[in-house]
1. Residues Ala109, Ala58, Ala133: which one is open to solvent by less than 70 Å² (accessible area, probe 1.4 Å) and either modelled with pLDDT under 85 or among the basic types (Lys, Arg) (or both)?
2. Quick check on this structure: which one of Thr122, Thr75 is open to solvent by 50 Å² or more (accessible area, probe 1.4 Å), out of contact with any Lys or Arg (no Cβ under 6 Å at 6 or more places or on another chain) and among the polar types (S, T, N, Q)?
3. Can you tell me how many residues within region 10-55 are surrounded by fewer than 15 Cβ atoms within 10 Å (Cβ to Cβ) and aliphatic (A, V, I, L, M)?
4. Out of curiosity, is Asp96 of a type in the set (Asp, Glu) and assigned to a loop (DSSP other than H, G, I, E, B)?
5. Pick from Glu51, Glu47: which is free of Cβ contacts under 8 Å to residues at least 12 places away in the same chain and under 29 Å from Trp93 (Cβ atoms)?
Amino acid sequence: MTNTYPDFESLRDEAVTLRRAGLSRRRIRDRLKIHNNDLLNRALQGEPPPEWTKRPNAKDDLRAKARELRLPGMTYDQIQLELGVSTSSISLWVRDLPKPDRRAPGEQARIASQKRWEHELTVRDAERQKTKAAARDEVGKLSDRELLLIGAGPLLGRPGRRRHLRLRQDHPEEAQPEDGPEEHR
């Protein structure tokens, strides 16, 4: 510090006045001839920087969303899945917020297992729907009679579980299984 400022309070007052006038830290340092960053930091403590010195941050919206998600108790990993940002960024953004309660190990394992299978089950379901559509296209439209005969085939082919089926040619819609004696093995 130079001898121009007999005490710290007068230096602080002048630094704060310049800061409120919109000067940057570098300009204040040069004007007041302060060559010690610690002294400058103490002199400007609690004074926000002027708006023009703030750079826009591309992730300001993600930071706000991460803080919003952390408040109800989401973990860093859950927030990462939701927002697609690194856990280190999330840690910097929400470290001042309270930590969520830890889950019981069994519950944590169940959630992890569920997360692992969500994707697998989605893929399987899509594959199943694709196979069904291919079969439907290959078989084509079936009449009610064809559908009845296809359904009756497995019933008639199972020994010990046969049911007698009476088909009437003139009214296929009246074909009904008759309760007959069950054959035993």
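The values are calculated or read from the model by the stated rules, or taken from the named source; none is laboratory data. The structure presented is a predicted model; accordingly, all values stated were derived computationally and were not measured. Backbone-built Cβ (ideal geometry, glycine too); neighbour counts: all protein chains shown. Keep in mind that these areas ignore ligands, DNA and RNA; they rest on the heavy atoms of the full protein, side chains included. Shrake-Rupley method; radii C 1.70, N 1.55, O 1.52, S 1.80 Å.
1. Ala109
2. Thr122
3. 1
4. Values: of a type in the set (Asp, Glu): yes; assigned to a loop (DSSP other than H, G, I, E, B): yes.
So Asp96 fits the description; yes.
5. Within the list Glu51, Glu47, the selection yields Glu51.
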